[in-house]
1. How big is segment 55-106 along each principal axis, measuring the range of its Cα positions in Å and listing the largest first?
2. Which values of log₁₀ I(q)/I(0), to two decimal places, follow from the Debye formula for the chain at q = 0.09, 0.14, 0.16 Å⁻¹ with a uniform point scatterer at every Cα?
3. Quick one: dipole size for segment 110-162, taken about the Cα centre, charges +1 on Lys/Arg Cβ and -1 on Asp/Glu Cβ, in debye to the nearest 20.
4. Test of understanding: ordering VAL43, VAL53, VAL175, VAL204 by Cβ neighbours within 10 Å, fewest first, what list do you get?
5. Points 7 angstrom from Cα along the Cβ direction at MET219 and VAL12: gap in nanometres?
6. Just to check, using Stokes-Einstein with a Kirkwood Rh over alpha carbon pairs, what's the diffusion coefficient of segment 33-174 at 37 °C and 0.692 mPa s in µm²/s?
7. Among MET219, MET208, rank each residue by its count of other Cβ atoms within 10 Å, from fewest to most, as a rough exposure measure.
8. Using DSSP to define loop residues, name the chymotrypsin sites (Phe, Trp or Tyr not before Pro) in segment 128-185 whose beta-carbon has at most 16 other beta-carbon atoms within 10 Å.
Amino acid sequence: MDALYELLCNAVCEIDINKSAAEYYKQHSELLIIPNFLSPDIVKTYFLPEVEVCVNYINRVNVRGFKKSGSVSFQNLRQHAPNLFQLYISGIIKQFISQIVGKTLHFCPAEDSHAAALYFYTDPGDHIKVHYDKSFYRGQRYTVLLGLIQDSIHSKLICYPGATKINRKKNPLHVYTHPGTLVIFNGDGLWHEVSPLGENERRVILTMEFLTDIRMTAMNKFISDFKDRFLYFGKVAR
């Protein structure tokens with residue numbers, strides 16, 4: 001863990017987090033893509049073995065017309081993927097993202113299965129249609145993606161900076177989340193999707209969520225938990 005912590009510190013220190021990165025984020029509709037944030041060797045050494053372990057805990061969901069993919073919850077990462085769990089809770093990424101977005105951010109509550117999760121696109125046709133990461137919290141939710149496996153030419157993240165509910169597919173930006181690529185965006189504002197996976201392909205990403213306010217009403221918690229159970233994680237052991 002100490003070695004991984006040091007590698008994360010070095011990765012953050014090598015990024016220009018003063019005016020240039022923050023301004024780029026704001027000027028591109030609150031979206032920032034950092035290729036090689038972590039080297040592929042770091043991903044291979046520290047994270048890929050845990051990805052293979054987590055294959056045993058995938059919950060697959062197929063919602064016709066919206067999504068088909070597999071997910072592994074934060075609770076399962078905590079039990080079976082210590083390095084991926086540490087990547088989230090160490091605070092290094094949170095502090096880094098706070099500087100980029102210019103706001104004080106907080107971890108999601110421990111019972112939030114989306115706090116940090118793995119998304120598996122492993123069966124032909126796996127995808128998710130255009131959407132944004134609606135927050136049921138009182139605060140804004142910022143989404144951070146880390147590419148782990150990109151053995152696919154068909155499946156990729158497609159972002160639509162500046163798009164609106166009326167015109168959701170404005171300004172398409174195609175992003176291959178190669179191992180070590182970091183993608184930062186305002187989950188409450190950026191429309192995005194994942195294109196369908198081809199035959200004999202595989203794509204896996206880690207998603208991390210950070211909040212400006214962790215409070216949530218009882219009704220919103222009921223809706224959020226129901227959505228997560230139905231669309232992502234199934235019944236999760238707390």
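Where a number appears in this text, it was derived from the coordinates with a stated rule and is not lab data. These figures come from a predicted structure and were not determined experimentally. Cβ coordinates were reconstructed from backbone atoms using ideal geometry, including for glycine residues, and neighbour counts include every protein chain displayed.
1. Each principal axis gives a Cα extent; for segment 55-106 these are 38, 29, 12 Å.
2. So the normalised log intensities work out to -0.34, -0.90, -1.24.
3. So the magnitude is around 300 debye.
4. VAL53, VAL175, VAL43, VAL204
5. Distance between label points: 3.8 nm.
6. Translational diffusion coefficient: 195 µm²/s.
7. Listing MET219, MET208 from fewest to most nearby Cβ atoms yields MET219, MET208.
8. TYR176
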